[in-house]
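Have a look at the structure below before the remarks.
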Amino acid sequence: MSSVYSFVAILAAYLIGSLSFAVIVSRAMGLADPRTFGSGNPGATNVLRSGSKKAAVLTLLLDAAKGWLPVVAVASLGAPYGLGTGTVALVGLAAFLGHLYPVFFGFQGGKGVATAAGVLLALQPWLGAATLLTWILIAGFFRYSSLASIVAAVFAPLFYLLGDGRVWTAEPATSLAISAMTLLLLWRHRENIRRLVQGTESRIGSKGR
């Protein structure tokens, strides 16, 4: 029976993750569809290029919340239904995949940075905070959102394994879920990596890609 509950929880997390708030918020606020300008990416950074900081912040918070909420809900309420750390990890990964490949938006989603941050905060608050701090430091120094996301993604699984000296006691399912998110984030940023190497990547606040 627990396998049924696990399936329902994972499916629900994917569907929640499939809510593309960049598009939803932009429509609600009468802004252009973020998939039609800038990088074409439905995420907070591209929404910022519309000129509305309010819409960008709201998108960022909602995208993070849809990664955070399913994980917290299952971690808090799942025990009586036999849902353990393995399901919690899969729920976080499912919410992240929903953002990348949203069923409600033709499977054309964003790059998952904010949603991944929400998942990490829910899995371990200190892990989310450490990853977020890494993003802030890189973004503040270099002014490249993509570079900050790439570096933070690479460090996230390392932070988890090294946190509290738990290299040998870290949950395998959680480690695998975080590592999978890292690899997917790197894949989604492959064009950004190419532009960073070529020196053509747009900096934070620019109107380009």
So in the stretch 26-45, with the set limited to residues that are touching a residue at least 60 places away in the same chain (Cβ under 8 Å) and part of a helix (DSSP H, G or I), which one is surrounded by the fewest Cβ atoms within 10 Å (Cβ to Cβ)? Arg35
Looking at Val103, Val113, can you tell me which residue is of a type in the set (A, V, I, L, M), under 21 Å from Gly40 (Cα atoms) and surrounded by fewer than 15 Cβ atoms within 10 Å (Cβ to Cβ)? Val103
What about Ala22, is it under 21 Å from the mean Cα position of the chain (by Cα), farther than 19 Å from Gln108 by Cα and hydrophobic (A, V, I, L, M, F, W, C)? no
Just one of (1) surrounded by fewer than 22 Cβ atoms within 10 Å (Cβ to Cβ); (2) closer than 23 Å to Tyr144 by Cβ; (3) among the small types (Gly, Ala, Ser) trips up Ala12, so point out which. (2)
Residue that is nearest to the chain's Cα centre (by Cα) [pool: residues in the stretch 116-135 that are among the aliphatic types (A, V, I, L, M) and surrounded by fewer than 19 Cβ atoms within 10 Å (Cβ to Cβ)]: Leu132
Considering only residues of the stretch 52-100 that are part of a helix (DSSP H, G or I) and among the polar types (S, T, N, Q), which is surrounded by the most Cβ atoms within 10 Å (Cβ to Cβ)? Thr59
Does at least one position in the stretch 32-53 carry a residue that is closer than 24 Å to Leu132 by Cβ and acidic (Asp, Glu)? no
Please verify whether the stretch 32-41 includes one or more residues that are modelled with pLDDT of 95 or more, aliphatic (A, V, I, L, M) and farther than 18 Å from Thr174 by Cβ. no
Could you check how many residues of the stretch 140-156 are crowded, with 19+ Cβ neighbours inside 10 Å and either modelled with pLDDT of 95 or more or outside any helix (DSSP H, G or I) (or both)? 8
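The values are calculated or read from the model by the stated rules, or taken from the named source; none is laboratory data. If you're wondering where the values come from, they're calculated on a predicted model, not measured in any experiment. Glycine also receives a Cβ, built like all others from the backbone with ideal geometry; neighbour counts cover every protein chain displayed.
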